[in-house]
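I have placed the structure first, in the form of structure tokens, so that the comments after it can refer back to it.
The values are calculated or read from the model by the stated rules, or taken from the named source; none is laboratory data. Note that the coordinates shown come from a computational prediction; the quantities given were computed from them, not determined experimentally. In this analysis, Cβ positions are derived from the backbone assuming ideal geometry, glycine residues included, and neighbour counts consider all displayed protein chains. We work out accessible area using only protein heavy atoms, side chains counted, and drop any ligands, DNA or RNA first. Shrake-Rupley method; radii C 1.70, N 1.55, O 1.52, S 1.80 Å.
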Amino acid sequence: MSDTPAGKTLSIIGLGYVGLPLAVEFGKHYRTIGFDINAQRIAELQSGHDSTLEVSPEELAEARHLEYSSDPEALRAADIHIVTVPTPIDRHKRPDLTPLIRASETVGRILKPGDIVIYESTVYPGATEEDCVPVLERESGLRFNTDFFVGYSPERINPGDKEHRVTNILKVTSGSTPEVAKEVDALYASIIEAGTHLASSIRVAEAAKVIENTQRDVNIALINELALIFNRMGIDTLEVLEAAGTKWNFLPFRPGLVGGHCIGVDPYYLTHKAQEIGYHPQVILAGRHINDGMGSYVAEQVVKMMTQRRIHVVDSNILVLGLTFKENCPDLRNTRVVDIIAELESYHAHVDVHDPWVDPEEARAEYGISPVGELEEGRYDAIILAVGHRQFRETGIERLRALGRPGHVFYDVKSLFPREQVDARL
């Protein structure tokens, strides 16, 4: 088996935030088949538009060897299949491998001898070989590591980040045999300018991915807990962090809502596997508990401030600015802003949501939320800036506060504005 990817045809299964940028980069060099079960998504990309805003029309046009299809039969032309489907959690916070298993079934049906299947989706250690490979064998009738091979190269896409892109983020790679590992590594090395790191096994690569975001989650949980403590002490958390940050090795984490497809999800994959093998994680789950409770905490703080100002919460009008899970990005996956909204609505408040980045149809489909477009001045009893979109910063605090009634509460979750210009911040 050659150590170079020359002459190979690739398929990318799943053209979302992870799969599309990867398909575009590979499509500049190799024949690449971009596959997605969503025919509307395929039509959109064929027209030269990406609704996730991760890839510009100019970048799409540069991928001269990239073709799109929602027909699984088109995958038969590929020799290397890269699976980039989501790996969410269910309502009980357990790993939901349904998209991954279904993608494996699709690939398994068209798998031929000599093919390589590479997974990029975040999973717990062992999932590729224990959960996906048996599906590939069952659907194809082929034997693992004899007729076909697998690899794992965890995605490191940061939605909305125009500085850290596919090609300038170092890529971890692995394969099911030493020879395949070298081929997988060579394939990615041909497009990744930042270089690659070849892990000794697939399980090591899987574990490396899942702890990247677990580490961030635990660190943010610490800062969130500090914010809870400092708030009770009447101390501004951001001022404390700025002071502590003058020490060279102090890590620059900030308090906030922890959502999205990675940080708010990946730790549950690791804790699930840990519990499966008889170990009950304590620090990781404690961090998850703190972070999952921050939306309710923000809502409770706003209600408390409204009550102190003798503003009736029942039937009040409250505006939430921002719905996406992070700033300057249309990604709604696992956004924890919905926790703020749900808590406020439990008090029978009327909550309006405004987000210039959100597709209203997607918000309605995912969360039953209909964002408002035009905002009326002097309407709101409380305003919560939940996501730090650049549009809100550009609008300015004066115009945003003009949306509130006299004596309204303005709560700045993201510390987008100076302390003296808002009533409270996280």
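Tabulated values for the structure
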{"read-out": "Residues of the range 90-149 classified as within 22 Å of ALA23 (Cβ to Cβ) and either among the polar types (S, T, N, Q) or buried (at least 18 other Cβ atoms within 10 Å of the Cβ) (or both), total", "value": "22"}
{"read-out": "Enumeration of residues in the range 376-394 that are open to solvent by less than 50 Å² (accessible area, probe 1.4 Å), touching a residue at least 60 places away in the same chain (Cβ under 8 Å), in a loop (DSSP other than H, G, I, E, B) and within 25 Å of VAL314 (Cβ to Cβ)", "value": "ALA386"}
{"read-out": "Residue count, the range 395-426 (criterion: part of a helix (DSSP H, G or I) and over 22 Å from THR335 (Cβ atoms))", "value": "7"}
{"read-out": "Matching residues, the range 340-350, being open to solvent by 30 Å² or more (accessible area, probe 1.4 Å) and either among the hydrophobic types (A, V, I, L, M, F, W, C) or under 23 Å from ARG393 (Cα atoms) (or both)", "value": "ALA342"}
{"read-out": "Odd one out for GLU163 among (1) under 26 Å from ARG76 (Cα atoms); (2) surrounded by fewer than 22 Cβ atoms within 10 Å (Cβ to Cβ); (3) not β-branched (Val, Ile, Thr)", "value": "(1)"}
{"read-out": "Matching residues, the range 32-46, being open to solvent by less than 10 Å² (accessible area, probe 1.4 Å) and either modelled with pLDDT under 95 or over 22 Å from the mean Cα position of the chain (by Cα) (or both)", "value": "THR32, ILE33"}
{"read-out": "Leading residue by the ranking (farthest from PRO86 (Cα to Cα)) among those in the range 166-185 that are surrounded by 13 or more Cβ atoms within 10 Å (Cβ to Cβ) and in contact with a His (Cβ under 9 Å, 6 or more places away or on another chain)", "value": "ASP185"}
{"read-out": "Residue ranges of helices (runs of 4 or more DSSP H) in the range 14-104 with at least 3 members of a type outside the set (Gly, Ala, Ser) and within 17 Å of PRO154 (Cα to Cα)", "value": "19-27"}
{"read-out": "Residue in the range 361-375 that is open to solvent by 50 Å² or more (accessible area, probe 1.4 Å), touching a His at 6+ places or on another chain (Cβ under 7 Å) and under 13 Å from THR324 (Cα atoms) present", "value": "no"}
